[in-house]
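Note sheet for the following structure.
The values are calculated or read from the model by the stated rules, or taken from the named source; none is laboratory data. Bear in mind that the values here come from a model prediction, so they are computed numbers and not experimental data. So basically every Cβ, Gly included, is an ideal-geometry build from the backbone, and we count neighbours across all protein chains shown.
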Amino acid sequence: MGRSHPSIPGLPSDRKEAPLAHIWNGQLGARQLRRIVYSADEIQHRVAEMGTEIGEAYGPRSDVLVLGMLKGSFIFVADLVRRIPFPIHVDFLLASSYGNDRVSSGKVRLMYNPEASMKGRHVILVEDIVDSGTTINRLMPLLQERGPASLEICTLLHKRIARLDWNVRWVGFDAPAEFLVGYGLDYAEDFRHLPYIGSI
């Protein structure tokens with residue numbers, strides 16, 4: 001049965017999926033969440049599964065580069081790469097289409113390009129969430145031009161609303177149509193530190 005948790009402002013009493021024992025009101029401060037969507041335990045279990053799935057897709061001798069999308073994916077990338085059962089390289093790419101808004105502006109700003117060579121390597125672009133699809137549709141052709149042996153997409157969350165020109169090979173969770181924060185995802189730089197994912 002679902003239980004209310006009065007120390008979390010805005011948390012509905014009928015929430016059944018996420019165990020509330022690991023949620024600390026101090027991490028929210030004066031901010032409020034509508035609900036907890038994925039608990040820390042649910043996330044860690046799924047990330048471990050994804051690391052195994054990626055390991056099975058490539059041999060241990062494969063030259064794999066995990067390319068994380070900053071800033072939202074940094075916690076996901078850190079947990080994911082520790083679950084991949086062979087040596088890999090990691091780099092990051094910084095792009096933005098949100099700024100301080102809750103809706104994508106449709107314009108992608110590139111602020112950091114990866115320094116690692118992609119030529120002849122198996123590149124996995126890791127996203128925190130696929131929402132509008134604008135960022136992926138803009139970036140993938142640019143990455144393809146760098147000559148990787150293969151180029152795949154891995155995302156923790158997928159809203160299934162985007163018109164994507166590229167297949168997302170690994171998906172952690174099909175996400176609800178809500179604005180999600182926590183586990184690296186932010187609203188105006190708030191909430192990234194939360195170990196679970198909630199909606200605001």
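Details
- Listing of strands (runs of 3 or more DSSP E) fully contained in segment 119-200 that carry 3 or more residues being in contact (Cβ under 8 Å) with a residue 60 or more places away in the chain and either within 20 Å of HIS45 (Cα to Cα) or of a type in the set (Ser, Thr, Tyr) (or both): 170-174, 197-199
- Qualifying positions in segment 40-84 - small (Gly, Ala, Ser), within 17 Å of ASP128 (Cα to Cα) and part of a helix (DSSP H, G or I): ALA40, ALA48, GLY51, ALA78
- Within segment 49-73, the residues that satisfy the criterion of being of a type outside the set (Asp, Glu), farther than 16 Å from LEU139 by Cβ and surrounded by fewer than 17 Cβ atoms within 10 Å (Cβ to Cβ) are THR52, ALA57, GLY59, PRO60, ARG61, SER62.
- Residue that is surrounded by the most Cβ atoms within 10 Å (Cβ to Cβ) [pool: residues in segment 152-171 that are among the basic types (Lys, Arg) and within 13 Å of SER132 (Cα to Cα)]: LYS159
- Among the residues of segment 172-192, those that are farther than 15 Å from SER132 by Cα and over 13 Å from the mean Cα position of the chain (by Cα) comprise TYR187, ALA188, GLU189, ASP190, PHE191.
- Residues in segment 131-176 that are among the charged types (D, E, K, R) and modelled with pLDDT under 95: ASP131, ARG138, GLU145, ARG146, LYS159, ARG160, ARG163, ASP165.
- Qualifying positions in segment 151-170 - more than 22 Å from ARG35 (Cα to Cα) and under 15 Å from the mean Cα position of the chain (by Cα): GLU152, ILE153, CYS154, VAL168, ARG169, TRP170
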